[in-house]
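Undergrad: Dropping the structure in here first, questions after.
Coordinate-derived values only; no laboratory data. The shown structure was predicted, so the numbers you read here are calculated from the model rather than taken from an experiment. Quick reminder, even Gly has a Cβ in these numbers, built from the backbone with ideal geometry, and neighbours come from all protein chains shown.
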Amino acid sequence: MRRALAAAMRDAVRSGRLAPGTRLPSSRQLAADLGLARNTVADAYGDLVAEGWLTARRGSGTRVADRTITRPVSVRSSAQPPGEPCYDLIPGNPDLTAFPRAAWLRATRRALAAAPDDAFGYGDPRGRPELRAALADHLARARGVYTSPEHILICAGISHGLQILSKVLAGRGARNVAVESYGPDRHRGLLAAAGLETLSLPLDTHGTYPVPPDGTDTVLLTPAHQFPVGTTLQRDRRTAVVDWARRTGGLVLEDDYDGEFRFDHQSVGALQGLAPDCVVYLGTASQTLAPGLRLAWMALPPTLAEEAVAAKGQTDSSEVLSQLAMAEFITSGAYSRHVRAARRRYRDRRDSLVTALGQHAPKVRVTGTAAGLHTVLSLPPGTEQRVLQSATRQGLKVAGLSRYRHARSLHVMADAIVVGYGVPSDAVWPQALSALMRILS
């Protein structure tokens, strides 16, 4: 175990998952987290200190040493074309190297020890009651969502939630859903697969105008941080779409994909808090923690809850141990602490991006910087495709704004790229940022 632990830590340092200067847990804490003897951890630390991977000083703990890592040269297969991107700046994912492994392991152990025997059966299709109760409390405090545990439905992602809602809407005889003129094409595809036509909402200098034309059944919005443009739905427009829903009996679907990551001002509360009877709130752990957990949730109007449960099916499709761990993670306060730390990390990356643009590409206009894990960089007319080609040559994977445009949108935004700063690790981000500046300067 000593050799295996030392080897795992060497690999973490080599790969950049443990950046130079990172303070490691004490041997006592890490031993408790991993279920090992303290001497095993202490001996592994000692080996790595002797080899120069770590430093240990009285009073400052054990840290990753500041050293030059010789990385293995990757050999491209014949199927990999030259210029294959090595820095992923596509928006929509977090830094997976920052997943709180030790804290999650502690939560998993506590949850597993406390779980009742029936937790390992087929379970309630709504999801584990422990998680639904924890979410009802957390969402009320953090996002202003007004709901109860019995009206929360656990699902395997926002896309899964939209699939469930599409079945409900189709079953009710709905024919269409109005969506933002720029947004994720996969969501439009899910709705279309259920036989629902997607109508493009108008867009102006203040963002999306959310009140749809007559005959619209449902509206899908990202009010807190429009994806991908980055605007926040203004107060009068929030009120207007709620009034539309109450007047017509329509439904509003609120995709709050990154609502907990607001940097410069107090968080914008969820639209659902204004009208719990006609707004479905969709949230996810995919950006705050990791998409691999397959954990998301919907806060449903009471009149819709049973139909959504029936559309989901009679067995719970989200793995029970992750649900129990997430419930413990929330109730212990570990989730809030993790979100605060992640918010600081991503704010620092946002700030470094804005500073670098001011120094190297001052003519590039930056928008959508108040929240989330991405921003939009405006380009000169007619240059979007050329910039994307240049990015590929620099080893950058970025998205053009045009890829998110609804095919029938009457509004065409200026050329731009959408830069996600969530995916690169802390060790890799400076190189990715330098490559981005080379194509923009």
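Undergrad: For region 153-186, what are the residues that are within 16 Å of Ala407 (Cα to Cα) and touching a residue at least 40 places away in the same chain (Cβ under 8 Å)?
TA: Asn176, Val177, Ala178, Val179, Glu180, Ser181, Tyr182, Gly183, Pro184, Asp185, listed by residue number.
Undergrad: Something else now. Taking region 263-281 on its own, how many of its residues are over 20 Å from Pro184 (Cβ atoms), out of contact with any Phe, Trp or Tyr (no Cβ under 7 Å at 6 or more places or on another chain) and not in a loop (DSSP other than H, G, I, E, B)?
TA: Looking only at that region, the number is 1.
Undergrad: Oh, and also: Kindly list the number of the only condition in (1) under 16 Å from Asp258 (Cα atoms); (2) part of a helix (DSSP H, G or I) that fails for Trp297.
TA: (2)
One line per residue, one yes/no per condition, for (1) among the β-branched types (Val, Ile, Thr); (2) assigned to a helix (DSSP H, G or I); (3) in contact (Cβ under 8 Å) with a residue 60 or more places away in the chain; (4) surrounded by fewer than 24 Cβ atoms within 10 Å (Cβ to Cβ):
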site	(1), (2), (3), (4)
Pro223	no, no, no, no
Gly230	no, no, yes, yes
Ala240	no, yes, no, yes
Asp258	no, no, yes, no
Gly283	no, no, yes, no
